[in-house]
Structure formats: structure tokens, C-alpha cells
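J.: What follows is a single structure, and I will ask about it in a moment.
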Amino acid sequence: MGKNKLQRFAENETFENLYQHSNYDIRNSIFPLKGKWQEQHFHNPNPIILEIGCGRGEYTVALAQRFPDCNFIGIDRKGARIWRGCKDALTQQLHNAAFIRTKIEDIEFFFDTDEISEIWITFPDPQPRKSRRRLISPNFVEKYKKFLKPDGIIHLKTDSRLLYEYTLETVQTENWIVLENIEDVYNQTENPLLKDIQTFYEKKWLAEASLISYLKIRIPQPSILL
């Protein structure tokens, strides 16, 4: 392991905006901020938006800059990557940005019912051989539904044709609702949230002339009959 990575891991331990799975027994006890993020971390009633698989936290930080009346949480399992987002948010004094270092499989342990308003999934691994591991698969969406508000929104931005087409097929079988479908972001929209914010991987794909696509999806929650 490189010296730089070890230094980042050590610095992660000092960040007040980072929560690491290794510090909590989330499978056997309740995560202390579950259901209390607004009250005990952000200290405001503003909506909470997640960036899942946030990498270096480019969207978490940029969205926090643009929308001070919302709270943002980036989630990734790689400590050396998430360090960048934590550092940038602290340097810029973005009190509405926080991070969790954990496996996405454990995400449901960190949030309570109706605690999250929207989710961004930016350039996830398309998992060509394991569809259940795709972050937009029904398997993961069922986890998200445990804490996503009724009719919550998922934003997917990807360079993968496989993942884009898979998601459109899954929308039909799962009765999700496509609110926006942009097959070619850089030629079909002027939305600054989709063009001006670029992740590390997005810049790489653009350099290779890859097609970048975007889907905005509403996830209906079943009505509960009393």
C-alpha cells in the first residue's frame, strides 16, 4: 500500500464530515444518525440527497455548492477516493455535505424510512456478468426504497450502453417512471447539472469519445391500506 494512501486513511480518521463503517457495528446495533441526520449532523430540516458510489465526491461537492438549501451525502467504500470529497467539502466550508465510507450493500443500515429525497448514481460499474450487483438493479432499489421518500427520484448518469439499455428495460418490468431520458448528454441538453459537473471517470470517458447518457426515474412506493 502506497504511502500517500496510508496518509489519506489516517487523515480520514480526523474528518468531521466522514462516517466510516469500521467505526460502527451497523449490523448489530443502530447507526447513531439513522433517522437523525437532519437534526444531529446537518442541524436543519432540509432535504437529503445521496450520491451512491460517489468516488471522489465530485457531484456531492458540486451539488452542495449549488444548492445550499439541500443536504448531500456521498457514499463509497474506497477510503483513498472518498478522502478527496471530504477534503474539498471541508476546505470550502460546505456544511451541507457529508460522506459515508461503506459497502453499498450496507446502505440501508444508515438511513431510516422516508429520510432521503433523491439519489444520484454517477458512472457505476455496469457489472456486465452480474446484473444483481448493478446499483440500479431491482435488488438495490429495494434497499433504497426502505429510506427513499414516496415517489423518490433516482438520477443515473452512465457511459455504459449496457447499463443504460438494461435500466430502460427494468423500468418497464418494475413499473418505475422515466421522467427524463437523455441518450446523449453532450448533444441533447444544456442542463448545467449534467454538463458542467464532471467526475474523474466522466472526463476519462469523454476523452475516449464515449456516449454519456442520463435517466431521471421516479420510484413509486406501494400504497399502504389501513
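J.: Cut-off 19 Å, label point 7 angstrom out along Cα-to-Cβ of LYS204: give me the residues of the stretch 138-166 whose amide nitrogen falls inside.
T.: Only 157-164 fall inside the zone, counting backbone N under 19 Å.
J.: At a 1.4 Å probe radius, which order do ILE30, ILE212 fall into by accessible area, largest first? Before the final figure, lay out each step's value.
T.: Working: ILE30 135, ILE212 0 Å².
The ranking, largest first, comes out as ILE30, ILE212.
J.: Quick one: check the C-alpha center-to-center distance for the stretch 129-180 versus the stretch 199-220, whole angstrom.
T.: Measuring centre to centre over Cα atoms gives 14 Å.
J.: In whole angstrom, how long is each semi-axis of the equivalent ellipsoid of the chain, when you take the square root of 5 times every eigenvalue of its Cα gyration tensor and sort them from largest down?
T.: Values: eigenvalues 133, 102, 59 Å².
Semi-axes, largest first: 26, 23, 17 Å.
J.: Given charges of +1 on the Cβ of Lys and Arg and -1 on the Cβ of Asp and Glu, with all other atoms neutral, how large is the dipole of the chain about its Cα centre, in debye to the nearest 20? Don't skip to the answer; put the middle values down first.
T.: Values: 31 positive and 31 negative charges, 175 e Å.
Dipole magnitude for the chain comes out near 840 debye.
J.: Per-residue accessible area for THR113 at 1.4 Å probe radius, Å² rounded to 10?
T.: Number for this one is 90 Å².
J.: So for the chain: antiparallel DSSP bridges make up what percent, rounded to the nearest 5?
T.: On the way: 12 of 35 bridges.
Of the beta bridges lying entirely in the chain, close to 35 percent run antiparallel.
J.: Rank TYR214, TYR201 by accessible area, highest first, at a 1.4 Å probe radius?
T.: Working: TYR214 10, TYR201 85 Å².
The most accessible residue leads, giving TYR201, TYR214.
J.: To the nearest 0.05, what FRET efficiency results for TYR186 and ASP125 with a Förster distance of 22 Å applied to their C-beta separation? Display every interim value, and only then the final one.
T.: Working: r = 22 Å, r/R0 = 0.99.
Once rounded, the FRET efficiency stands at 0.50.
J.: Modelled label-to-label distance, VAL178 and ARG218, 7 Å Cα→beta-carbon offset: nm?
T.: 1.6 nm
J.: A follow-up question, please. Tell me which lysines have Cα within less than 21 Å of LYS78's Cα, excluding those fewer than 8 residues away on the same chain?
T.: LYS3, LYS5, LYS87, LYS103, LYS130, LYS143, LYS157, LYS203, LYS204
J.: Suppose every K and R has +1 on its Cβ and every D and E has -1 on its Cβ; what is the size of the dipole of the stretch 100-226 about the Cα centre, in Debye to the nearest 20? Write out the running numbers ahead of the final one.
T.: Working: 18 positive and 21 negative charges, 88 e Å.
Its charge dipole is roughly 420 debye.
J.: Count charges around ARG77 for me, please; just the other residues with Cβ under 11 Å from its Cβ, Lys/Arg as +1, Asp/Glu as -1. Don't skip to the answer; put the middle values down first.
T.: Details: positive: LYS78, ARG81, ARG101, LYS103; negative: ASP76, GLU105, ASP106.
So the environment of ARG77 carries a net charge of +1.
J.: Restricting to DSSP H runs of at least four residues, report the calculated mean residue ellipticity at 222 nm for the chain, -39500 (n - 2.57) per run over all residues, nearest 500 deg cm²/dmol.
T.: On the way: 8 runs with 69 residues, N = 226.
Calculated from helices alone, the mean residue ellipticity at 222 nm is -8500 deg cm²/dmol.
J.: GLN92 versus LYS195, label points 7 Å from Cα toward the beta carbon: distance in nm?
T.: 2.0 nm
J.: Same structure again: Can you give me the % of accessible surface on the stretch 1-66 that is carbon or sulfur? Probe 1.4 Å, all protein chains present, nothing else counted. Mind showing how you got there, number by number?
T.: Numbers: 1710 of 3720 Å².
Carbon and sulfur atoms account for 46 percent of the accessible area of the stretch 1-66.
J.: Could you let me know the centre-to-centre spacing of the stretch 56-87 and the stretch 1-43, using Cα atoms, in angstrom?
T.: With the stretch 56-87 and the stretch 1-43 each reduced to a Cα centre, they are spaced 13 Å.
J.: Also, I was wondering about something else. What nm value, rounded to one decimal, do you get for the distance between GLN7 and ARG161 when each label is placed 7 Å out toward the C-beta?
T.: 4.3 nm
J.: Turning to a different aspect of this structure: Would you work out the relative contact order for the stretch 159-226, in percent, from Cα pairs under 8 angstrom that are 6 or more residues apart? Please list the in-between numbers first.
T.: Numbers: 59 pairs, mean separation 32.9, N = 68.
Relative contact order, the stretch 159-226: 48 percent.
J.: Rounded to the nearest 5, what is the percent of antiparallel bridges among the DSSP beta bridges in the stretch 117-226?
T.: On the way: 12 of 17 bridges.
Looking only at bridges with both residues in the stretch 117-226, the antiparallel portion is about 70 percent.
J.: State, as an integer percentage, the relative contact order of the chain based on alpha-carbon contacts under 8 Å between residues 6 or more apart. Could you put the intermediate results ahead of the total?
T.: Working: 393 pairs, mean separation 42.0, N = 226.
Relative CO of the chain lands at 19 percent.
J.: Compute the Cα gyration tensor for the stretch 12-104, then decide on rounded, prolate or oblate, letting a ≥ b ≥ c be the square roots of its eigenvalues: rounded whenever a/c is under 1.5, prolate when a/b is larger than b/c in the other cases, and oblate in all that remain. Walk me through the intermediate numbers first.
T.: Values: a/c = 1.72, a/b = 1.15, b/c = 1.49.
It is oblate, given that a/c is not under 1.5 and a/b is not larger than b/c.
The values are calculated or read from the model by the stated rules, or taken from the named source; none is laboratory data. As the structure is a prediction and not an experimental result, all values here were calculated from the model. When we count neighbours, we look across all protein chains shown, and the Cβ atoms used for this are built from the backbone with ideal geometry, even at glycine. All accessible areas refer to the heavy atoms of the entire protein, side chains included, with ligands and DNA or RNA removed. Shrake-Rupley method; radii C 1.70, N 1.55, O 1.52, S 1.80 Å.
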